[in-house]
1. In this structure, does G33 turn out to be more than 18 Å from L134 (Cβ to Cβ) and at pLDDT below 95?
2. Restricted to region 56-79, and to residues that are surrounded by fewer than 18 Cβ atoms within 10 Å (Cβ to Cβ) and among the β-branched types (V, I, T), which residue is farthest from L26 (Cα to Cα)?
3. So, in region 1-30, how many residues would count as being modelled with pLDDT under 85 and among the hydrophobic types (A, V, I, L, M, F, W, C)?
4. Name the one entry in L96, L123, L113 that is modelled with pLDDT of 85 or more, over 17 Å from E15 (Cβ atoms) and in contact with a helix residue (DSSP H, G or I) (Cβ under 9 Å, 6 or more places away or on another chain).
5. Can you name the number of the only condition in (1) surrounded by 13 or more Cβ atoms within 10 Å (Cβ to Cβ); (2) modelled with pLDDT of 95 or more that V42 fails?
6. Take T133 and decide whether it is modelled with pLDDT under 95, under 17 Å from V22 (Cα atoms) and surrounded by fewer than 15 Cβ atoms within 10 Å (Cβ to Cβ).
7. For region 80-97, which residues satisfy the criterion of being surrounded by 17 or more Cβ atoms within 10 Å (Cβ to Cβ) and over 15 Å from V22 (Cα atoms)?
Amino acid sequence: MIYRAPAIDDAWLTEGVLTRRVFAWLIDALLIGLILAALWFVLLLFGLLTLGLGLPLLGVLPFVPFCYHLLFVAGPGSATPGQQALGLVVRRDDHLGRPTLVQAFVFTLVFYLTLAATGLLLLFALFTVRKRTLHDLASGLVVVRAQALTRALGSWNMQGGSPYA
């Protein structure tokens, strides 16, 4: 028997997603900045206390944003804190399941490559189905509204329909 995902209205899934993604990114950028500032202070203090021997640890700072996105997208919430705050989740495009670690890695890597290439490629989302960016397409993921998933699929612990029907 072949499993088929229930038919889901794409318009409901992606309604307002682009605007929410922009504001989620701003929240995440603020959180990453706070994490980097705190980590920089701790590592600098450690480097000074070790008379400079700990200063090479400051080299981990460029990897913090990548790890932030990768671990949150691959984690149980399937979204960064900014995305969660605005009711978004990252899901697989084929059946709306949680992303795998490999998909989250590709998603994050292509996202940062897109940002490195001036970020103008993010405008690709204006012209695609489900408002997907290049990093969404490359990884096979889609960003949707969490509320739309619960509305379309029903509650996680309740079967649809009445037991008395």
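1. no
2. V60
3. Total satisfying the criteria: 8.
4. The unique qualifying residue is L113.
5. (1)
6. no
7. R91, R92, D93, L96
The values are calculated or read from the model by the stated rules, or taken from the named source; none is laboratory data. The shown structure was predicted, so the numbers you read here are calculated from the model rather than taken from an experiment. Neighbour counts are summed over all protein chains in view; Cβ atoms, including those assigned to glycine, are modelled from backbone coordinates with ideal geometry.
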